Amino acid sequence: MRLALVIGLALMLSRVSGEVVQLPGLRVQAEGKTVEATGAISLTNGILEFIAVETGGRDYESLLTLTCRPSALKYALLLLGLREGATNGAPLRLDVEWDVAGKPHRVPVEKLLRDRATGKSPAAVPFIFSGSFFGPDLTGSNQVFHADVEQAHVALWWQPAVLINVRGDRGNPYRGDDQGFEVNSKLVPAAGTPVKLIFQSRE
């Protein structure tokens with residue numbers, strides 16, 4: 001698996017045209033230091049475990065579904081020179097963009113969340129590029145990239161297997177009415193609306 005990902009990274013680099021790398025479901029802009037992932041709105045109400053999962057993942061607990069694999073998103077972020085790490089991963093800004101009357105409308109992902117402790121959208125959520133990890137599968141015989149196994153890109157409480165996490169404990173919504181996050185139903189567009197999830201470093 002490690003070799004396959006190294007080969008994949010080499011293929012990505014070979015596709016650089018100017019300062020843009022195009023990948024399935026992803027667009028990496030070196031100059032603006034952004035990664036754009038294509039996807040769609042999944043939930044318009046209810047509690048959230050994830051900001052984004054892969055199509056076919058746990059979309060019933062996620063704000064968005066993305067068409068890219070978590071491993072591809074990881075290497076797109078690495079192409080920008082962002083560091084990964086559970087304690088020192090790069091802080092990230094996440095924006096969501098969709099069309100309104102034929103024009104792009106872009107908001108911080110926090111606007112589409114409701115903090116269950118305050119009843120309001122959080123000012124900022126401290127997302128970090130934690131990076132996930134390689135490890136044995138359930139049989140113990142194969143090495144796998146666990147974010148791909150989980151089919152999850154961005155979690156809203158700490159999950160080491162997921163690519164991007166939230167620093168600190170914001171609570172688990174399954175453990176109390178005042179914990180974690182839910183969808184801000186007043187601002188989120190309709191389920192199935194095509195979106196871009198845009199990643200940038202906060203540094």
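Please treat every number below as a calculation from the coordinates, not as lab data. Predicted model, so just to flag it, every value in this text is computed and none were measured. When we count neighbours, we look across all protein chains shown, and the Cβ atoms used for this are built from the backbone with ideal geometry, even at glycine.
Note: relative contact order over the stretch 2-201, using C-alpha pairs below 8 Å and six or more positions apart, is 28 percent.
Quick one: Cα centre-to-centre distance for the stretch 65-132 and the stretch 17-47, in angstrom? After rounding, the separation between the Cα centres reads 10 Å.
Here the Gaussian network model covers the chain, with springs between Cα atoms less than 10 Å apart; of LEU187, LEU78, LEU23, LEU187 fluctuates the most. Here's how it looks for ALA152: its modeled amide H is under 5 Å from those of GLU54, which are all 5 or more places away or on a different chain. Can you compute the helix-only [θ] at 222 nm over the chain? Use -39500 (n - 2.57) per DSSP H run of at least 4 residues, normalise by all residues, nearest 500 deg cm²/dmol. Estimated from H runs of four or more residues: -4000 deg cm²/dmol. Residue order for LYS196, LYS186, LYS103, LYS111, fewest other beta carbons within 10 angstrom first, comes to LYS103, LYS186, LYS111, LYS196. Within the listed set ALA76, ALA37, ALA191, the residue fluctuating most in the Gaussian network model of the chain (springs between alpha-carbon atoms under 10 angstrom) is ALA191. Within the stretch 58-150, the chymotrypsin sites (Phe, Trp or Tyr not before Pro) that combine a DSSP coil assignment with at most 16 other C-beta atoms in a 10 angstrom radius are PHE133. Annotation: the residues ASP177, ASP148, sorted from fewest to most other C-beta atoms within 10 Å of their own C-beta, follow the order ASP177, ASP148. Percent of Cα pairs in the chain per distance bin of 5 Å, from zero to the largest separation: 1, 8, 16, 20, 21, 16, 10, 5, 2, 0, 0. Express as a percent, rounded to the nearest 5, the fraction of DSSP beta bridges in the stretch 2-201 (both residues included) that run antiparallel. Antiparallel bridges: around 90 percent, rounded to the nearest 5. Legend: ranking of residues THR55, THR34 from fewest to most surrounding C-beta atoms inside 10 Å; resulting order THR55, THR34. Using the alpha carbons alone, the radius of gyration of the stretch 77-142 stands to its Kirkwood radius in an Rg to Rh ratio of 1.14. Just name one of GLY192, PHE134, VAL96: the one whose Cα is farthest towards the positive end of the charge dipole of the chain (beta-carbon charges, Lys/Arg +1, Asp/Glu -1). Projecting each Cα onto the dipole axis, the largest value belongs to VAL96.
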